[in-house]
Amino acid sequence: MAAVVATRALTKRYGRVLAVDGIDLEVLEGDVYGFLGANGSGKTTTVRMLLGLVLATSGEAWVLGRRMPRAAASVLPEVGTLVEGPAFYEHLTGRANLALFDAMGHGSRRRGRRARVDQALEQVGLAVSGHRKVNGYSLGMRQRLGIAAALLRTPRLLVLDEPTNGLDPQGIREIRKLLLGLNERGTTVFLSSHLLAEVEQMCTRVGVLDRGRLVIQDELRNLRAPTGRTVVVTPDAEKVLGLLDGRVEARDGHRLLVRADDPAALNRSLVDAGVRVEELGPERRGLEQVVLEATTDPGQVGVS
Amino acid sequence: MIRVELVKMLRRPRTWVTIAMLNALPTLVAVLLAITDIGPQPGQGPPFLSAVLTDGTLFPLAALGIVLPLFMPIAVAFVAGDAIAGEAQAGTLRYVLARPVRRTHLLVAKLVGVLAFVLLAVVVVAGVAYVVGRTLLGGGDARTLLSGVTGVSGASLTSAQIVQRTLMSILYIALSMLGVAALALLLSTFTDSPLAAALGALGFLIASTLLLTLDAASALQPYLPTRYWLSFVDLFRSPILWRDVVRGVLLQGVYVAVFLGAAWANFTTKDIKS
């Protein structure tokens, strides 16, 4: 599969501060890629380098197989973006804003503009509010309009920074459904976020940035692979301790953590020994745990 | 992109409020003149103002003379200072550039937008002043039209000459304002605050105006941007006194080229962090 986004030793230095430190990103076609990192870890700077807004100090970046920022004029028309919150011309309506954005840049056709704008508004559920001025929009409506602007040219790649920011739970679900639907139809999604739960629910691949360095880049299912330990919840915890002796690694009331990579076999041996089992299953590490282990104490991060 | 910029400018309420405000002072002056019938002595006060009492058709020029030294530069500095910095502050700059609009294109489109604003402002001020001058101060009678209008030097100018020279002075004023616009645009590429860019440009102009009154600065004076601003008056002498007008055009041309070149060099290599 072709890499939709690739970087090699991409580095950005602001004065003495190394904001992004030699990262090698790889986003494959069809991915929903979760780009995680604490505030100030260099996420936004990286995204801006990919879009040609910030110029890299060294290293290389390719988007849709072409060098950025050199090929920006041919690459960016196929990329939809939402970077650090939506922004509009406040005195114009939502519809007028989209029409203006649609008209910007090379090779934009007036033909079909109305239909493109209508479709984008429809997709994000703003069809009825499009005629209102943006300065009367709520945070959630702005967010939707920002996503609509990103969808205007049915992009091959969506680069979205905190796309569900400011949305209510219903709105978050709608947007998630929309993005996953687009992804099924072939759009690659690059989702930059600090919401682990959101990334865990949507993404297939994850990259974690810590103080400018890419500390993790892997398939989500690999990261969440079983740990070789089994969680057992039982009211007979004392009995299990005696039975398995040294294999119990931790105990928290009725909850035991047992070193055993075959939960089924463990279950049988426990039941055979007369232990009442309430719950039993392989331990999977949550994304939160994976990320926290790989990154430094966020209290130490002072660079933004 | 140029079309997009023009649409943005024309649909922006601020554009029209600014132009309305530009018209307020000349209109007030016309009302005062019409009521009191007291004009400044010839050679004193704003240019042409002593002549308009006898002929209202000269009022457009008087109006431009009134707004040019202060109000027009303020308006232009704010519009041009807002060009890039305003988009940066609103956050739209990153989306515009990611469409993508090439940075050079954006800068050119912004400049054309500012120029269009300058021309629109000059033309509206002149047009409103013409209507106001004719209605309040008179001068539209057959006698004046037949005998022609008295120019600044006292010699008569025909109506055709007046129209021609008014158009020339509008262009000259537009070029003077383009110098202001270029400076404000340059500053606008350095900051995310439109206010800072506009005030920086105005500060430069105020410094220039101040140095013009200082004898010790006489060596600098021929190069100060505001030195030849009011030289458009010379276009109404007969024959036209070209010397200062030509110098003014050349000087503004150099300022515009230098400021725009610097703006381009800065903007095309800048990290957009807004």
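The values are calculated or read from the model by the stated rules, or taken from the named source; none is laboratory data. Given the structure is predicted, the values throughout are model-derived calculations rather than measurements. FYI the Cβ positions are ideal-geometry reconstructions off the backbone, even for glycines, and counts take in every protein chain you see.
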I'd like the residue in the stretch A:128-142 that is in contact with a strand residue (DSSP E or B) (Cβ under 8 Å, 6 or more places away or on another chain) and either part of a helix (DSSP H, G or I) or within 12 Å of chain B (Cβ to nearest Cβ) (or both) and, out of all such residues, is farthest from residue A:41 (Cα to Cα). A:133
Residue A:63, sole failed condition from (1) under 16 Å from residue B:95 (Cα atoms); (2) at pLDDT 95 or above: (1)
Could you tell me whether residue B:228 is under 21 Å from the mean Cα position of the chain (by Cα) and either under 22 Å from residue B:119 (Cα atoms) or β-branched (Val, Ile, Thr) (or both)? yes
Candidates B:198, B:263, B:216, filtered to the one that is out of contact with any Cys (no Cβ under 9 Å at 6 or more places or on another chain), surrounded by fewer than 17 Cβ atoms within 10 Å (Cβ to Cβ) and over 28 Å from residue B:167 (Cβ atoms): B:216
For the stretch A:78-107: of the residues being outside any strand (DSSP E or B) and under 15 Å from residue A:50 (Cβ atoms), which is nearest to the other protein chains (Cβ to nearest Cβ)? A:83
Out of B:62, B:20, B:24, B:34, report the one residue that is in a helix (DSSP H, G or I), among the aliphatic types (A, V, I, L, M) and crowded, with 23+ Cβ neighbours inside 10 Å. B:62
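Table: residues versus (1) acidic (Asp, Glu); (2) in contact (Cβ under 8 Å) with a residue 24 or more places away in the chain; (3) more than 30 Å from residue A:150 (Cβ to Cβ).
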position: B:51; (1), (2), (3): no, yes, yes
position: B:60; (1), (2), (3): no, yes, yes
position: B:78; (1), (2), (3): no, yes, yes
position: B:85; (1), (2), (3): no, yes, no
position: B:92; (1), (2), (3): no, no, no
State which residue is nearest to the chain's Cα centre (by Cα) when the search covers only the stretch A:146-176 and only residues that are of a type in the set (A, V, I, L, M, F, W, C) and over 30 Å from residue A:65 (Cβ atoms). A:172
Against the condition touching a residue at least 12 places away in the same chain (Cβ under 8 Å) and over 14 Å from the mean Cα position of the chain (by Cα), how does residue A:227 come out, does it pass? yes
Answer yes if at least one residue in the stretch B:84-103 is away from chain A (no Cβ under 12 Å) and in a helix (DSSP H, G or I), and no otherwise. yes
Unmet requirement for residue A:51, which otherwise passes all of (1) within 14 Å of another protein chain (Cβ to nearest Cβ); (2) surrounded by fewer than 20 Cβ atoms within 10 Å (Cβ to Cβ): (2)
Scan the stretch B:1-60 residue by residue and report those that are charged (D, E, K, R) and either within 14 Å of another protein chain (Cβ to nearest Cβ) or closer than 21 Å to residue B:165 by Cβ (or both). B:3, B:5, B:8, B:11, B:12, B:14, B:55
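Sort out which residues of the stretch A:144-174 are among the β-branched types (Val, Ile, Thr) and in a loop (DSSP other than H, G, I, E, B), and write them in order of number. Break it down into steps so the answer makes sense when it comes.
Of the stretch A:144-174, the ones among the β-branched types (Val, Ile, Thr) are A:147, A:154, A:159, A:164, A:172.
Matches in the stretch A:144-174: A:154, A:164.
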Quick one: which of A:51, A:10 is closer than 24 Å to residue A:180 by Cβ and within 21 Å of the chain's Cα centre (by Cα)? A:51
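Across the stretch A:60-77, which residue is farthest from the other protein chains (Cβ to nearest Cβ) among those that are assigned to a loop (DSSP other than H, G, I, E, B) and in contact (Cβ under 8 Å) with a residue 40 or more places away in the chain?
A:65
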Do you know which of the residues in the stretch B:38-59 that are small (Gly, Ala, Ser) and part of a loop (DSSP other than H, G, I, E, B) is modelled with the highest pLDDT? B:39
Going residue by residue through the stretch A:27-43, is there one that turns out to be within 26 Å of residue A:196 (Cα to Cα) and part of a helix (DSSP H, G or I)? yes
From the set of residues in the stretch A:235-282 that are surrounded by 15 or more Cβ atoms within 10 Å (Cβ to Cβ) and in contact (Cβ under 8 Å) with a residue 40 or more places away in the chain, which is nearest to the chain's Cα centre (by Cα)? A:282
Can you name the condition, by its number, that residue A:160 falls short on among (1) within 22 Å of residue A:220 (Cα to Cα); (2) modelled with pLDDT under 90? (2)
